[in-house]
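Shown next, in structure tokens, is the structure this report addresses.
The values are calculated or read from the model by the stated rules, or taken from the named source; none is laboratory data. Everything quoted here is computed from the prediction, not taken from an experiment. Positions of Cβ are backbone-derived with ideal geometry, glycine not excepted, and every protein chain shown enters the neighbour counts.
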Amino acid sequence: MKHILCVCIGNICRSPLAQVLLQRELPHAKVWSAGLGALVGYPADPLSITIAADNQLDLSQHSAQQINTWLCQQADMILVMEQAHKVQLEGQFPLVRGKVFRIGHYGQFDVADPYRQPREAFDHAWEGISQGVADWVPRIRQLSRR
């Protein structure tokens, strides 16, 4: 598990937060993010940047990118924010089947899109992302030792 891809829709709110948090927790992994309908070239949402900074993470250099075949091929694991993203991704890129998981897989939850919503929605998304990362990191570490 050396290459992990985080995916949401626009790649400006949720997946960048998951990316920087996973990268901090798994410093030897390559973690990146992309969107199913990315706002290509856009920076992270200002509220995501604020939440990242509040948690000693930096999203200031983030630039949204569109998911593509190459990114899917490079990833050992793909973490999506919602079950619908998994379905869409597997439909669009059949090669990813078996390596796409919801970040909330273990807690059985989706991380709702906070885009264009108040800070509370971003805080709620951060809570879900943080919980999902906390659930996944020990498992990823264990798989990486094999």
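Against the definition (modelled with pLDDT of 95 or more and of a type in the set (Lys, Arg)), how does Lys2 come out, yes or no? Spell out how you get there, then give the answer.
Values: modelled with pLDDT of 95 or more: no; of a type in the set (Lys, Arg): yes.
In short, no.
Scan Ser48, Ser33, Ser63 and give me the residue that is within 15 Å of the chain's Cα centre (by Cα), among the small types (Gly, Ala, Ser) and farther than 16 Å from Pro114 by Cβ.
Working: Ser48 fails: farther than 16 Å from Pro114 by Cβ; Ser33 fails: farther than 16 Å from Pro114 by Cβ.
Step by step, each of Ser48, Ser33, Ser63 is checked, and only Ser63 is within 15 Å of the chain's Cα centre (by Cα), among the small types (Gly, Ala, Ser) and farther than 16 Å from Pro114 by Cβ.
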Residue set Ala75, Ala44, Ala53; condition in contact with a helix residue (DSSP H, G or I) (Cβ under 9 Å, 6 or more places away or on another chain) and either polar (S, T, N, Q) or under 16 Å from Asp123 (Cα atoms) (or both); output residue Ala44
Scanning region 24-44 for residues that are crowded, with 16+ Cβ neighbours inside 10 Å and touching a Leu at 6+ places or on another chain (Cβ under 9 Å), the one nearest to Leu59 (Cα to Cα) turns out to be Ala44
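Table: residues versus (1) part of a helix (DSSP H, G or I); (2) free of Cβ contacts under 8 Å to residues at least 24 places away in the same chain; (3) more than 21 Å from Val20 (Cβ to Cβ).
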residue	(1), (2), (3)
Gly107	no, no, no
Val111	no, no, no
Arg116	no, yes, yes
Ala134	yes, yes, no
